[in-house]
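Structure record follows, encoded as structure tokens.
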Amino acid sequence: MADEKLLKQEIMDKVKEIYKLRKAKETFVKGKTRIGYSGRCFDEKEMLAAVDAVLDFWLTLGPKGIEFCESFKNYLGNKHCLVTNSGSSSNLLAISALCSDSIANPIRPWDEVITTAVTFPTTLNPIIQNKLTPVFVDIEEDTYNIDASLIEAAVSSKTRAIVFAHTLGNPAEMDKIMAIAKKYKLYVVEDTCDALDSIYEGKYCGSFGDFSTFSFYAAHHITMGEGGALCTNSSELYRAALSYRDWGRACYCQTGEKNPNGACGHRFDFKFKGLPEGYDHKYVYSNIGYNLKPLDIQCAIGLEQLKKLPDFTKARKKNFNLLYDFMKKYEDKFILPRSLPKADASWFAFPLTIREDAGFTKKALVTFLESKNIETRMLFAGNILNQPGYKNINHRISGQLTNSDQVLHKTFFLGVYPGITQEKLEYITDCIDEFFK
Ligand SMILES: Cc1ncc(COP(=O)(O)O)c(C=O)c1O
């Protein structure tokens, strides 16, 4: 009879062979091979981890998820981490938890949240979905981040939180933002979906706020295919977010716990008003929740990716710097991206804003680059208030959104991810030269 161990070894060897075969076939032909703005960077290790997790067939969130959370929170220096099925879900959980009656100081309906109009939709959406009022302030035209000097003027008696992304991996002005939050007792949510491994004043982005959120979609610094995480240093907020992630239940023991009495040993020991004495804590609901868990297979892939993060970051920084040095000669045509002096960015991408008098349109340049098989992207929604789905949202604008409008009309980005080799980068810069000839 076949031995399971031997069979598994055979499968693993074949997986390695498949990876090697595919890798050997990879070529780059100028103008023919598409240069993605981003993509999955992996080798046989991620494939082996995924196959191993599939063979194990635990499937649902379990041991790999626990291991991933431990590694991820330790890497960032946060106390708690929750894995989720996306960055969008992480944002939804963060805002929902801050509105939960299960925390001591919840945000109430129609309270105000200061944020930016240049945003990824699902950074803003949970504010709207939780019936809060977004208050938009402008961004800086070259860092693309919330202009911290405008936040204080936007604060009202109803303001409860500041929610923003470190745009395209560029750290926002965390010292100023945290000082304002402290002065007015505001919650801070850092959307760090594009900024894993970026640093501000020696601390990781995603380790300052009450919540930080991460995405492991294929385009991001590390990937699980789809996936996300949520970090916090507050046990109260962690429990509220966990409850929302796991159907709204009150019990905060990990899913898949084998002890029949729960990990805490008190599964049947509680008494809640309106429920029978000792009602199973697994079926007590303290929030109106969701199910936003990832699979354990995703977490197995994530664990391998996390080991590679320092190398990924080096490659992103190298590509960004090479592109920056090249683009300097076109500074009369573009506003080049800027990082703050205290920031050390692991850029998600290379944003460019076409100057008013540059003599060409964004459409002309991006269609030219796309025709050369070089992928470009818009800076997400631009000023999201111009998007069809957002025409009728309840909101307030503080000051002018001049730079946000400029992004809508004039900004796009190129890739810097580790899959862009020196050869590909040279082709990109040659094509940009060709456009200007
Ligand atoms: C800043 C930002 N926030 C949130 C998200 C959503 O992440 P996900 O695609 O994992 O839902 C993204 C996605 O790219 C993003 O760039």
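The values are calculated or read from the model by the stated rules, or taken from the named source; none is laboratory data. Note that the coordinates shown come from a computational prediction; the quantities given were computed from them, not determined experimentally. Note that each Cβ is placed from the backbone with ideal geometry, even for glycine, and that neighbours are counted across all protein chains shown.
Does ILE177 qualify as being within 21 Å of the chain's Cα centre (by Cα), part of a helix (DSSP H, G or I) and more than 19 Å from GLY382 (Cα to Cα)? The answer is yes for ILE177. Of all residues being of a type in the set (A, V, I, L, M) and out of contact with any helix residue (DSSP H, G or I) (no Cβ under 8 Å at 6 or more places or on another chain) in region 183-219, which is nearest to the ligand (Cβ to nearest atom)? Just the residue, please. Going through the qualifying residues, I end up with ALA219.
Among the candidates LYS79, LYS131, LYS64, LYS73, single out the residue that is basic (Lys, Arg), assigned by TED's automatic domain parsing to the domain that holds CYS253 and free of Cβ contacts under 8 Å to residues at least 40 places away in the same chain.
Every option except LYS131 fails the conditions.
Scanning region 337-372 for residues that are touching a strand residue (DSSP E or B) at 6+ places or on another chain (Cβ under 7 Å) and under 17 Å from LEU168 (Cα atoms) turns up PRO337, LYS342, ALA343, ASP344, ALA349, PHE350, PRO351, LEU352, THR353.
Within region 279-290, is even one residue crowded, with 20+ Cβ neighbours inside 10 Å, under 24 Å from the mean Cα position of the chain (by Cα), within 16 Å of the ligand (Cβ to nearest atom) and under 18 Å from LEU92 (Cα atoms)? For region 279-290, residues crowded, with 20+ Cβ neighbours inside 10 Å, under 24 Å from the mean Cα position of the chain (by Cα), within 16 Å of the ligand (Cβ to nearest atom) and under 18 Å from LEU92 (Cα atoms): absent. A Cβ distance below 9 Å, combined with a sequence gap of six or more or placement on separate chains, defines the contacts here; from region 381-400, residues that are not assigned by TED's automatic domain parsing to the domain that holds PHE413 reach no residue that is aliphatic (A, V, I, L, M).
Whether any residue in region 261-276 is surrounded by 14 or more Cβ atoms within 10 Å (Cβ to Cβ), within 30 Å of PHE348 (Cα to Cα) and touching a Pro at 6+ places or on another chain (Cβ under 9 Å) is what I want to check. No. A single entry from LEU48, LEU76, LEU82, LEU93 fulfils the requirement of being within 16 Å of the ligand (Cβ to nearest atom), aliphatic (A, V, I, L, M) and either within 18 Å of ILE222 (Cα to Cα) or touching a His at 6+ places or on another chain (Cβ under 9 Å) (or both): LEU82.
Conditions tested, residue by residue: (1) on the phi > 0 side of the Ramachandran plot; (2) in contact with a Pro (Cβ under 8 Å, 6 or more places away or on another chain); (3) surrounded by fewer than 24 Cβ atoms within 10 Å (Cβ to Cβ); (4) among the charged types (D, E, K, R).
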position	(1), (2), (3), (4)
ASN170	no, yes, no, no
LYS185	yes, no, yes, yes
GLU190	no, no, no, yes
ILE199	no, yes, yes, no
SER207	no, no, yes, no
PHE214	no, no, no, no
HIS221	no, no, no, no
ALA229	no, no, no, no
TRP247	yes, no, yes, no
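Return a yes/no flag: does region 314-329 have any residue that is within 16 Å of the ligand (Cβ to nearest atom), within 30 Å of VAL407 (Cα to Cα) and part of a helix (DSSP H, G or I). Yes, the conditions are met somewhere in region 314-329.
If the condition is being surrounded by 13 or more Cβ atoms within 10 Å (Cβ to Cβ) and farther than 27 Å from GLY415 by Cβ, then region 376-389 contributes only LEU385. Looking only at residues of region 98-113 that are of a type outside the set (Asp, Glu) and in contact with a Ser or Thr (Cβ under 8 Å, 6 or more places away or on another chain), we find that the one that is nearest to the ligand (Cβ to nearest atom) is VAL113. If the condition is being more than 19 Å from VAL163 (Cα to Cα) and touching a strand residue (DSSP E or B) at 6+ places or on another chain (Cβ under 9 Å), then region 240-266 contributes LEU242, SER243, ARG245, ASP246, TRP247, GLY248, ARG249, ALA250, TYR252, THR255, GLY256. Here region 118-133 is the region considered, the condition is being crowded, with 24+ Cβ neighbours inside 10 Å and closer than 23 Å to LYS185 by Cα, and the residue that is nearest to the ligand (Cβ to nearest atom) is THR123. Cβ-Cβ distances below 8 Å connect the following pairs, each with a first residue in region 85-104 that is assigned by TED's automatic domain parsing to the domain that holds ASP191 and on the phi < 0 side of the Ramachandran plot, a second residue that is of a type in the set (Phe, Trp, Tyr) and part of a helix (DSSP H, G or I), and a separation of six or more residues or different chains: LEU92/TYR244; LEU93/TYR244; SER96/TYR244; ALA97/TYR244; SER100/TYR244. Restricted to region 220-250, and to residues there that are part of a loop (DSSP other than H, G, I, E, B) and more than 16 Å from the ligand (Cβ to nearest atom), the residue that is farthest from ILE103 (Cα to Cα) is TRP247.
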